[in-house]
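Read through the structure below, which is laid out as structure tokens, and then see the notes.
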Amino acid sequence: MSRSVLVTGGNRGIGLAIARAFADNGDQVAITYRSGEPPRELTDAGVLAVRCDITDAEQVEQGYKEIEEKHGPVEVLVANAGITKDQLLMRMSEEDFTSVVDTNLNGTFRVVKRANRGMLRAKKGRVVLISSVVGLLGSAGQANYAASKAGLVGFARSLARELGSRNITFNVVAPGFVDTDMTQVLTEEQRESIVSKVPLGRYARPEEIAAAVRFLASDDASYITGAVIPVDGGLGM
Ligand code: NAD
């Protein structure tokens, strides 16, 4: 059965692979993106692309309304949008810290809260949050990012407890290193050092993260909530 699915940050990287996976399933997919143009591949496939900055509550409200008008209330929400601003602590500005938290954690709160209005009414819903292995292990130079991604775990587990009785599940996917724009900033040396620590000996493909997300939103995952699923090639074990 076709569901109304929203993927934030679905215009590229992991979000694009997730949007593709749901569209291939026959779901009605909407994506949000912050800037640029949405990929033709998605719009040609009937995916609704809405420009929306999740740090702006008003834009979240407007964007969500547009999706609701066209696809009905969101039944599956994948909160994927996120940023990094890496810096060692003593060089990290207040803005470096707060902007990462405001996007990755507060932005997720805004979208999840808005989508849950419809899920509560429908008495069902699936929410998958994209955290990171960095949120579980920590990472030098990424205290802002790690704090925001660890925050998502507490957020999801609290909501899993709060809203389980309302038939809404909250799960977290924690990717390791994935080949996307976000990791293009790493030097060849940094990439080699990361890969040497990954038991599977390589980066993930975005489709490998999308597969876990699609599973958590499927009927096969009907009894899973509050789970954190690492998709990290064994890096975090
Ligand atoms: P990316 O930079 O390619 O994509 C990030 C997406 O987030 C883009 O679509 C962008 O439009 C959106 N976005 C950023 N700020 C936004 C804002 N204020 N409002 C709305 N949208 C915004 O990165 P990616 O690698 O595809 O990452 C996707 C998610 O996966 C992120 O949450 C990231 O932290 C997480 N992640 C990535 C990796 C990795 O190695 N690439 C590893 C673990 C977790």
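The values are calculated or read from the model by the stated rules, or taken from the named source; none is laboratory data. These numbers come from a predicted model, not from an experiment. In this analysis, Cβ positions are derived from the backbone assuming ideal geometry, glycine residues included, and neighbour counts consider all displayed protein chains. Please note that ligands, DNA and RNA were not included when accessible areas were found on the heavy atoms of the full protein model with its side chains. Shrake-Rupley method; radii C 1.70, N 1.55, O 1.52, S 1.80 Å.
Taking all protein chains as they are arranged and a probe of 1.4 Å, the heavy atoms of L6 leave approximately 0 Å² accessible to solvent. Angle of helix 57-71 to the longest C-alpha principal axis of the chain, folded into 0 to 90 degrees and rounded to 10: 50°. For segment 168-237, applying the loop criterion from DSSP together with a ceiling of 13 other beta carbons within 10 Å to the trypsin sites (Lys or Arg not before Pro) yields R202.
With a/c under 1.5 counting as rounded, go ahead and sort the chain into rounded, prolate or oblate using the C-alpha gyration tensor (a ≥ b ≥ c being the square roots of the eigenvalues; past the cut-off, prolate if a/b is larger than b/c, else oblate). Note, shape of the chain comes out rounded. Helix 206-216 axis versus longest C-alpha principal axis of the chain: approximately 50°, rounded to the nearest ten.
With respect to the chain, whose longest principal axis is taken over its alpha-carbon atoms, helix 13-24 is tilted by about 30°. Taking the chain as a Gaussian network of alpha-carbon nodes connected by springs under 10 Å, the highest mean-square fluctuation of the residues G201, G151, G107 belongs to G201. The distance from the alpha carbon centre of segment 41-107 to that of segment 184-237 is 21 Å, rounded to a whole number. Taking a ≥ b ≥ c as the square roots of the eigenvalues of the Cα gyration tensor of segment 102-212, is the shape rounded (a/c under 1.5), prolate (a/b larger than b/c) or oblate? It is prolate, given that a/c is not under 1.5 and a/b is the larger ratio. If the segment from L89 to Q62 were pulled out straight at 0.36 nm per residue, it would be longer than the present Cα-Cα gap by 6.1 nm.
Overall dimensions of segment 82-162, expressed as equivalent-ellipsoid semi-axes from the Cα gyration tensor (√(5λ), whole Å, largest first), are 28, 13, 8. When the chain is treated as a GNM with alpha-carbon contacts under 10 Å, the residue of L216, L88, L77 showing the greatest mean-square fluctuation is L88. Rounded, prolate or oblate: which fits segment 1-79 when a ≥ b ≥ c are the square roots of the eigenvalues of the alpha-carbon gyration tensor, with rounded for a/c under 1.5 and prolate only if a/b beats b/c? Oblate, since a/c reaches 1.5 and b/c is not below a/b. Go ahead and run the numbers for FRET between E192 and S165, Cβ-Cβ distance against an R0 of 45 Å, rounding to 0.05. So, using R0 = 45 Å, E works out to roughly 0.40. Of the peptides 34-40, 51-57, the ranking by mean beta-carbon count within 10 Å, highest at the top, reads 51-57, 34-40. Amide H to amide H under 5 Å from I229: which residues, 5+ apart in sequence or cross-chain, H placed 1.01 Å off N in plane? For I229, the qualifying residues are V172, V173, A174. Think of each Lys and Arg Cβ as +1 and each Asp and Glu Cβ as -1; about the Cα centre, that makes the dipole of the chain roughly 820 debye. Once backbone amide H atoms are built at 1.01 Å from N, T32 has V7, T8, G9, G10, V50 as its partners under 5 Å, excluding neighbours fewer than 5 places away on the same chain. Any idea what the relative contact order of segment 63-136 is, in percent, if you count C-alpha pairs under 8 Å spaced at least 6 apart? Reported relative contact order: 46 percent.
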